[in-house]
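Every number in this text was worked out from the coordinates using simple rules, so none of it is lab data. This is a predicted model, so every value here is computed, not measured. When we count neighbours, we look across all protein chains shown, and the Cβ atoms used for this are built from the backbone with ideal geometry, even at glycine.
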Amino acid sequence: MISNARYWFLIALVALVYFAGMFVTLFENDSAQFAVMAMRMVQENDFINLFKGPNDYLDKPHMHYWLAAISFKVFGIYDWAYRIPGILALFLGAFSCFKLGKLLYGKDTGRLAALIFLTCQTIVLSAIDVRTDAVLTGFTIFSIWQLAKYVKYGNLKSIAFGAFGAGLAFCTKGQIALVVIGLSILCHLAYTRNWKRLLNWRILLAIMIFGLTTLPMFYALYLQFDIHPEKIIRGRANRSGILFILWEQSFERLSGEGVGKNSSDYFFFFHTFLWVFLPWTVIAIFAYWLRLKSFIKMRFKYRNGFEFLTLGGITLIFLLISFAQFKLPHYMNIMMPLYSILTASYLYRLYTHAKKKELKALLVVQNFLLGIVFIFSVLVCFYVFKFYRWYAYVLLIGLLISIVYFVLKTEAAYLRVITLSVCSSLLLNTVMNIQFYPDLLVYQAGSTMAKKVKENNIPVDKIYKVMGDHTWGLDFYNRKPVKISSMAELSQMRDVWVYVKENELKKFSDAGFDWDKQLEVDQFRITRLNLKFLNPDTRGRQLSQRYLIHLK
């Protein structure tokens, strides 16, 4: 379907994009917050207790933080070291997509599925803005692949690895991992009518392996919460960490209790999907619709060459999360491997059945999308944040020459659809990683102020704050969480620095505080971009300031 030379050339370019993103400043809130939590594990030599600032943290299990802490132990406390476990998990996910696609359809579909997975927008973004979802996605699809292999062949090794992967995924984000794995495999069992695989002594072994894999997490939760009923967690005492992960966590997300409600829109994940799976969105929608029509026509009877794992898993999971009262775009990441395999199987079917009209129509769509990405890239590079790095010009020109070559090259429509789709992702994310994000993050006050702290040789153990807001960027890049104090306590101190917002600076002035040095940086909530900020002419009016003052 696609030559080895071209395939590995595209994979190499994708890997370079991921590599470039490793060195981008960490985003607030989640990435920087989680990095600080892992950093504290290393610095305080405490791998049991999780803290969010001064408070006990009961929301997600330990696995993501343990992996980040191990990376810090090996490589040092750097932003790129924090990203390593997530990126490795994503490439494990790509390999698992390949293997599962190969298992269900054949090698060509598997290879294409891996390429689609690595280039869909939300997965590339999850390697930059690393949260728990990168690790969760990798372990989840690994488990699904191994368990699907067990369903087909019944071998002991597959169910053992499947249970181990499920355990790691559960230790990363809790019940959602088991829901996705369980629904996908149940759909597969129901379609293949291979229920006998459940009536086997190997299932007991799988349960035991899953239990042993999750035991360290449960033990840590027990030590931090279950033996300390006096701790107040989100307004409640007597919180069991074990019960929370086993039962309460997912229901809080579904109902909005505890974490709050942010969306009752049942179509939230539909319009979210329109961008998270770019540049493959239109192809995926066709793939889903046509596959669903085929199954309805067949009345879901089993036929060789068809599978229901991806379609059934996607449908059930999509419906379930759409009823949640708390929704975020990255909740869809765990479904991207299933979408990737379904989309790859559709493209391969178009190729094998020589569907020239459909391929030409898709080629028009993908060319249009590439044109939109090109216009966006030009605007970013020459208007929103103008180029000033020489290597950025070299990379952009080299990439554009490659894209023009493939656009003008006369070859089969299916090859052009695949190649131009990947080129869209490469162009967009190269510009984002080497130009947009580095310039955008200048307006993230905490990390920018940390650079000024280093430049001015300010002792990080003498920095305080009175604000209730978290300062994750400043905490991480100072390699030390900022101490919290009050104005009354600070009035008794000398030779200390205080990190304040604009309104707090006025309060210090009105209270008669005297300072002899003042550093100032711009602040913008970078995860909530708007057109006025992106416009250089109106950007200044969207900014607030943060200050670091030295009390004499």
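Here are a few things to note about the model shown:
- For segment 444-551, the alpha carbon convex hull comes to 107 Å³ per residue, rounded to a whole number.
- Förster radius 51 Å - calculated FRET efficiency between F51 and Y405, Cβ distance, rounded to 0.05: 0.45
- Amide H contacts under 5 Å for S544, placed H, 5+ residues apart: Q523
- Dividing the helix sum by the residues of the chain, where each DSSP H run of 4 or more adds -39500 (n - 2.57), gives a mean residue ellipticity at 222 nm of -19500 deg cm²/dmol.
- Å³ per residue enclosed by the Cα convex hull of segment 356-442: 77 Å³
- Per-peptide average of other Cβ atoms within 10 Å, ordering 314-322, 165-173 highest first: 165-173, 314-322
- Partner aspartates and glutamates for K231 [C-alpha distance under 14 Å; skip if fewer than 8 residues away on the same chain]: D56
- Cα-based Kirkwood hydrodynamic radius, segment 46-147, one decimal, Å: 14.7 Å
- Kirkwood Rh in Å, taken over all unlike Cα pairs in segment 238-385: 18.2 Å
- Among G138, L104, L221 the positive-end extreme of the charge dipole of the chain (Cβ point charges): L104
- Approximate spin-label separation W275-K152, in nm, with each point projected 7 Å along Cα-to-Cβ: 3.7 nm
- Taking every DSSP beta bridge that has both ends in the chain, the antiparallel portion is near 75%.
- What the phi angles of segment 468-483 give under the Karplus curve with 6.51, -1.76 and 1.60, with θ = phi - 60°, is a coupling list of x, 5, 6, 10, 4, x, 5, 4, 5, 6, 7, 6, 7, x, 5, 6 Hz, glycine and proline written as x.
- Simple spin-label estimate for A354 and Y391 gives 4.9 nm between the two label positions (7 Å along the Cα-to-Cβ direction from each Cα).
- Geometric extent, Cα atoms of the chain - Rg, Dmax (angstrom): 25.1, 81
- The H on the amide N of L278, modeled in the peptide plane, is under 5 Å from the matching H of Q121, T122, each at least 5 residues off or on a different chain.
- Since only S126, M63, W8 are under comparison, the one whose Cα sits farthest along the positive direction of the charge dipole of segment 4-352, derived from C-beta charges on Lys, Arg, Asp and Glu, is W8.
- Whole-Hz ³J(HN,Hα) from phi, Karplus 6.51 cos²θ - 1.76 cosθ + 1.60, for segment 167-172, glycine and proline x: x, 5, 5, 4, 6, 8
- Summary of packing: across the peptides 536-542, 421-427, the per-residue average of other C-beta atoms within 10 Å ranks them, highest first, as 421-427, 536-542.
- Simple rule: put +1 on each Lys or Arg Cβ and -1 on each Asp or Glu Cβ in the chain, find the dipole, and look at V466, F387, I283; the Cα lying farthest toward the positive end is I283.
- Rounded to the nearest 0.05, the FRET efficiency derived from the C-beta distance between R6 and L186 at R0 = 35 Å is 0.40.
- Table column - 3J(HN,Hα) (Hz), segment 107-118, Karplus curve with 6.51, -1.76, 1.60, x for Gly and Pro: 4, 4, 5, x, 4, 5, 4, 4, 5, 4, 4, 6
- Debye, to nearest 20: dipole size of the chain, +1 on Lys, Arg Cβ, -1 on Asp, Glu Cβ: 2260 debye
- Average Cα contact separation per residue, the chain, under 8 Å, 6 or more apart, as relative contact order %: 15 percent
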